[in-house]
Amino acid sequence: MASMISYPRPDGQTVNAYLAEPEGGSGPGVVVIQEWWGLNDQIRGVADRLAAAGYVALVPDLYRGKSTVEAEEAHHLMSSLQFGEAATQDVRGAVQFLKTRCPKVGVTGFCMGGVLTLMALANVPEVDAGVAWYGFPSPEHLDAGKIRVPLMGHWATQDAAFEIATVDVLEEKFRAAKLDYTGHRYLAYHAFANETAVGRGRIPITQYDAAWAQMAWDRTLRFFGRHLG
C-alpha cells in the first residue's frame, strides 16, 4: 500500500513524502533519499521494493513537489537545496516519524541521496543503520567520528561524478574512526542501480547494470535485515 503523507520536521515545518507500506502495514522503517531528479517514479519504485521486502519506506519530497528528467534543471534544483537543513530537518523528521511506528529505522540514498545519507548518519541520533549508494560529501566536510551506527557503501569504480579515488580517502577516514563499515565496489558507472539510467555518448556518465544492481540490492537487504531486524 502506498500513499502521499506529510510529517513534521523538528522545527515544526511540514514535509510531504511518499509512504510505501508492506503487507500487514508494519515492519522496520527505511527513509529513502532521492537522486537529484526529485521524487519521481523511479525513487517511488525503490520504496515499493523495500515495502515488498517487509519495510515501511518513506521518501521525503526534498524539492517540494518539483522533479525533472533534464540534467541542467536537476543541477539547478540540487544547487538550491540546503544540504545541512535537509539532513537535520527533512531526513531527521522522517526518521522520527517512522520511529513512532517502527522499532528501528535505517536511511538509504542514491547519488545526491548518498551524500545526504552520510550527513544524516552523522547528525541524526535516532537512526539505526545506513546504506549509501554512489554519492558522498567531501571527506573534509564529513565528521566520520559522529557516525555511531552500521554503514554500508556501494561505489562504482567508473564513476565520473563521485570518483573512486575519493572513496579511498573517505574509507580511510572511516577506518580511522573505527566505524562499523562495509564497502563494496562495482566495475560500473554512476547510478548503476537506477534502471532508468541509460548512458549517452561515447563515454557514458550513468549506466544501469542489472547484475551489479541485483548484487548490491541483495547485500543491502541482508544488511538491513541484520541491523533493523
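Only the coordinates and a few stated rules stand behind these numbers; no lab work does. Computed from a predicted structure; not experimentally measured. Methodologically, a virtual Cβ is constructed for each residue, glycine included, from the backbone with ideal geometry; neighbour enumeration extends over all protein chains shown.
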> Counting only residues 5 or more places away or on other chains, whose amide H sits under 5 Å from the amide H of I147 once H atoms are built in the peptide plane?
Replying inline: none
> What do you get when you divide the Cα radius of gyration of segment 137-195 by 2.2 N^0.38 Å, with N the number of residues?
Replying inline: 1.15
>> Show me, for segment 163-179, the HN-Hα J-couplings you get by feeding each phi into the Karplus relation (A = 6.51, B = -1.76, C = 1.60, θ = phi - 60°), rounded to Hz, glycine and proline as x.
In response: 5, 5, 4, 6, 4, 4, 5, 4, 5, 5, 5, 4, 5, 4, 7, 6, 6
>> Counting only helical runs of four or more DSSP H residues, what would the 222 nm mean residue ellipticity of the chain come to if each run contributes -39,500 (n - 2.57) and the total is spread over all its residues?
In response: -10000 deg cm²/dmol
> Which whole-Hz ³J(HN,Hα) couplings does segment 143-155 yield from phi under the Karplus relation 6.51 cos²θ - 1.76 cosθ + 1.60, θ = phi - 60°, glycine and proline marked x?
Replying inline: 8, 4, x, 8, 7, 10, 10, x, 9, 10, x, 10, 10
>> Given a 10 angstrom Cα cut-off, can you work out which residue in L50, L116, L81 is the most mobile in a GNM of the chain?
In response: L81
> Between Q34, Q96, Q82, which gets the highest mean-square fluctuation from a Gaussian network model of the chain, Cα cutoff 10 Å?
Replying inline: Q82
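Ratio to report: Rg/Rh of segment 2-228, with Cα atoms as the point set and Rh obtained by the Kirkwood method; give two decimals.
We get a ratio of 0.93 for segment 2-228.
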> Of G29, G65, G93, which has the largest mean-square fluctuation in a 10 Å C-alpha GNM of the chain?
Replying inline: G65
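Tell me the relative contact order for segment 1-130 as a rounded percent, counting alpha carbon contacts under 8 Å between residues six or more apart.
That works out to 29 percent.
If Rh is defined by the Kirkwood formula over all Cα pairs and Rg also comes from Cα, what ratio Rg/Rh do you get for segment 29-116?
Rounded to two decimals, Rg over Rh is 0.97.
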>> Testing the spin-label approximation: label points 7 Å from Cα along Cα→Cβ at A2 and E73. State their distance in nm.
In response: 2.1 nm
> Using alpha-carbon positions, what is the distance between the centroids of segment 177-200 and segment 8-64, in Å?
Replying inline: 20 Å
>> Apply the Karplus curve 6.51 cos²θ - 1.76 cosθ + 1.60, θ = phi - 60°, to the phi angles in segment 102-107 and return the couplings in whole Hz, x for Gly and Pro.
In response: 10, x, 9, 9, x, 10
> What is segment 2-228's relative contact order, in percent, from Cα pairs under 8 angstrom and six or more apart in sequence?
Replying inline: 16 percent
> Going through segment 146-229, which trypsin sites (Lys or Arg not before Pro) have at most 15 other Cβ atoms within 10 Å and a DSSP loop state?
Replying inline: R148, K178, R200, R202
